[in-house]
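**Q** I'd like to ask some things about the structure below.
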Amino acid sequence: MGRYVCIHGHFYQPPRENPWLGEIEQQPSAAPWHDWNERIAEECYAPNAAALIEGVGSAEEPVTLNNYSRISFDTGPTLLSWLERSRPDILQAIIEADRIGMERFSGHGPALAQSYNHLIHPLASSRDVMTQIVWGIRDFRHRFGREPEGLWLPETAVDTGSLESMAAQGIRFTILAPHQAEAVRPIGSNEWTLLGEKALVDTTIPYLVRLPSGREMAVFFYDDELGKAVSFGGLLNDREAFADRLLGERGHGHDHDPDSSRPQLIHLATDGETFGHHVKGGEKTLAWTLDRIERDANTELTIYGEFLDRFPPTHEVRIAENTSWSCPHGVERWRSDCGCAGGRFPEGDQAWRATVREALDWLRDSVAELFEREAGRYLADPWRARDAYIEVILDSSEETVTRFLDEQSLSGVTPEEARKVLPFLELQRHAMLMYTSCGWFFDDPGDIETVQILQYAGRVIQIARTQTGIDLEEGFLSILKDAVSNEPERGNGADIYERHVRPNLGIFPETAE
């Protein structure tokens, strides 16, 4: 039976491009690099593709190892698209790592898909959740040339609806934090064991979720103590200690004594940026540790898809609805003043979060009506067309656009008429980008992450006004003005919009696009 070890890295950067220019503007806080993508690429993404380490096996000289090929990982589509444009060398190393990993792990690739632009699923509309999953899977297929087995939920924020949407698209499993398990029982039993502070989920086995539709989803709950030791406890500063911890860990069961007669999966999940960006040299510690685990006679390095095939679930789980890995209050960090913040304003608050979400929800619902009405003049099914629009996002060639319009247009619509819907599909793309989770994660509506999502909102407003003559800006700002900054000189959300968004509105003229 034995011991199995899996390390999962969640690699992700939010979309940082100016919505009008399509390029990332200089970010002084990332100095001496131009922007944060460039900085983290140099500190993390590139080093993990060629981690230089000493003391590997019998090698006398330092060797380089591609960490991506020996861990489980997901890479956000918004990061992959930036790598494609700016660092194709890193992108190719990641894709190659998945191919190598398939040979290593019984035909299972280490790469997982990710929901497209990292919005919080339980707080999104069901339509947006489905589009995000469809786009994430299609982007994955485009990059890696295969179907994904697993999908990473942004912030591991989960509800039953999200699992249903994933299962409907053929996803087999996802990864959650242990506190996101509400109750467990052996398959075939009628009696649930409720979980809490005294009864912990056994993280060494996969679980089965039976969904209302009759579909199923497997879930792995990572070892939280191990993950925190890596992310925040300094474990990556000592490669011997890191390896010893993984090789000596027994896992955590609800009785603190997992059944040793069956396979034990020791696994952790953390931000991939931990390995090199958050912890300098972390990629070297990771590479050395992976090599040591591979050489241990009693331990096997694995990934989730391979382990699931070898050892299917023996227990069911009931998930804790509307929970996440980074907010102990559920999903409140992205809609209320729950107390989770970076600590820059000890006397301040995050009441602005609810207001920003209210404003964006109002804008989303307003443009949804416009989209259905205007796009419905030309498209057989506007929302189905939005799902399919990922093909144009991935390849905007004339051939792809023409094929997309031919497939999605109503019978009798001319090619010239059909092209009138493209701005409305761009409007919908930006309407989802404005929900990128980073916009609520930190401390103030004037921070660059919130400014970014407000820029997407400004682009939505501009396209709606240009295409229909309907101006939604006043209604949007009337709500946004109640989002008060913790820095008095920043004013409120409307002031921030005026300062950081309005100057961009002149980039494209107010004429039909």
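**Q** Considering only DSSP beta bridges with both partners in the range 1-158, what is the antiparallel share in %, to the nearest 5?
**A** Roughly 25 percent of the DSSP beta bridges within the range 1-158 come out antiparallel.
**Q** Which option, (1) 23.4, 71; (2) 23.3, 76; (3) 24.8, 80, is the value of Rg and Dmax of the Cα atoms in Å that was calculated from these coordinates?
**A** Answer by label: (1).
**Q** Next question, about the same structure. Amide H of ALA183: which non-local residues (sequence gap of 5 or more, or other chain) have their own amide H closer than 5 Å, using H built in the peptide plane?
**A** For ALA183, the qualifying residues are LEU195, ARG318.
**Q** Also: With Kirkwood's inverse mean 1/r over C-alpha pairs for Rh, give me the Rg to Rh ratio of the range 273-404, two decimals please.
**A** Rounded to two decimals, Rg over Rh is 1.12.
**Q** State, to one decimal in nm, how far the label point of ARG344 lies from the label point of GLU321, with both points 7 Å from Cα in the Cβ direction.
**A** A separation of 3.5 nm, rounded to one decimal place.
**Q** Name the residue farthest towards the positive end of the dipole of the range 373-513 from the options CYS438, VAL451, PRO415, assuming +1 on Cβ of Lys and Arg, -1 on Cβ of Asp and Glu, about the Cα centre.
**A** The one lying farthest along the dipole's positive direction is PRO415.
**Q** Using only Cα atoms and rounding to the nearest 10 degrees, what angle (0 to 90) does helix 88-104 make with the longest principal axis of the chain?
**A** The helix 88-104 is inclined about 40 degrees to the chain.
**Q** When the helix-only estimate is applied to the chain (DSSP H runs of n ≥ 4, each -39,500 (n - 2.57), divided by the residue count), what is the mean residue ellipticity at 222 nm, nearest 500 deg cm²/dmol?
**A** After summing the helix terms and dividing by the residues of the chain, the value is -12000 deg cm²/dmol.
**Q** Which angle between 0 and 90 degrees, to the nearest 10, do you get for helix 422-433 versus the longest principal axis of the chain when only C-alpha atoms count?
**A** Approximately 50 degrees, to the nearest 10.
**Q** How much length is gained if the chain between GLU25 and GLU197 is pulled fully straight, taking 0.36 nm per residue apart and subtracting their Cα-Cα distance, in nm to one decimal?
**A** Contour length minus Cα-Cα distance gives 57.3 nm.
**Q** Same structure again: Once phi is turned into ³J(HN,Hα) by the Karplus curve 6.51 cos²θ - 1.76 cosθ + 1.60 with θ = phi - 60°, what whole-Hz value does each residue of the range 160-166 show in order, with x for glycine and proline?
**A** Those phi angles translate into 4, x, 5, 5, 4, 5, 5 Hz.
**Q** Run through the DSSP bridge list for the chain and note the antiparallel percent, rounded to the nearest 5.
**A** If I count the DSSP bridges inside the chain, around 40 percent turn out antiparallel.
**Q** Something else about it: For the range 80-187, run through the trypsin sites (Lys or Arg not before Pro) and keep only the ones in DSSP coil with at most 15 other Cβ atoms within 10 Å of their Cβ.
**A** Answer by residue number: ARG146.
**Q** Next question. Which whole-angstrom value gives the distance between the alpha carbon centres of the range 398-448 and the range 121-196?
**A** The two parts, judged by their Cα centres, are 24 Å apart.
**Q** Continuing with the same structure: When the Karplus curve 6.51 cos²θ - 1.76 cosθ + 1.60 is applied with θ = phi - 60°, which whole-Hz ³J(HN,Hα) does each residue of the range 8-17 get, with x for Gly and Pro?
**A** 10, x, 9, 9, 7, 9, x, x, 10, 5
**Q** Which whole-Hz couplings ³J(HN,Hα) result when phi for each residue of the range 233-246 is put into the Karplus expression 6.51 cos²θ - 1.76 cosθ + 1.60, θ = phi - 60°, listed in order with x for Gly and Pro?
**A** Listing the rounded values in order: x, x, 5, 6, 7, 9, 5, 5, 5, 5, 5, 4, 5, 5 Hz.
**Q** Projecting each Cα onto the charge dipole of the chain (Lys/Arg +1, Asp/Glu -1 at the beta carbon, about the Cα centre), which of TRP82, HIS121, GLY234 comes out farthest on the positive side?
**A** Highest projection toward the positive end goes to HIS121.
**Q** Still on this structure, please answer the following. For the pair THR64 and ASP406, how long in nm is the line joining their label points, each one 7 Å along Cα→Cβ?
**A** With each label placed 7 Å out from Cα toward Cβ, I get 4.4 nm.
**Q** For LEU112, which sequence-distant residues (separation of 5 or more, or a different chain) have an amide H within less than 5 Å of its own amide H, given hydrogens modelled in the peptide plane?
**A** Residues meeting the criterion, in which the H sits 1.01 Å from N, are PHE73, ASP74, THR75.
**Q** Check ALA483: other-chain or 5+ apart residues with amide H under 5 Å from its amide H, H built from backbone geometry?
**A** The list, which skips near neighbours in sequence, is GLY493, ALA494.
Readers should treat all values here as calculations from the given coordinates under stated rules, not as data from a laboratory. Since we're looking at a predicted model, the values are computed, not measured. Reconstructed Cβ throughout: ideal geometry from the backbone, glycine too, with neighbour counts over all protein chains shown.
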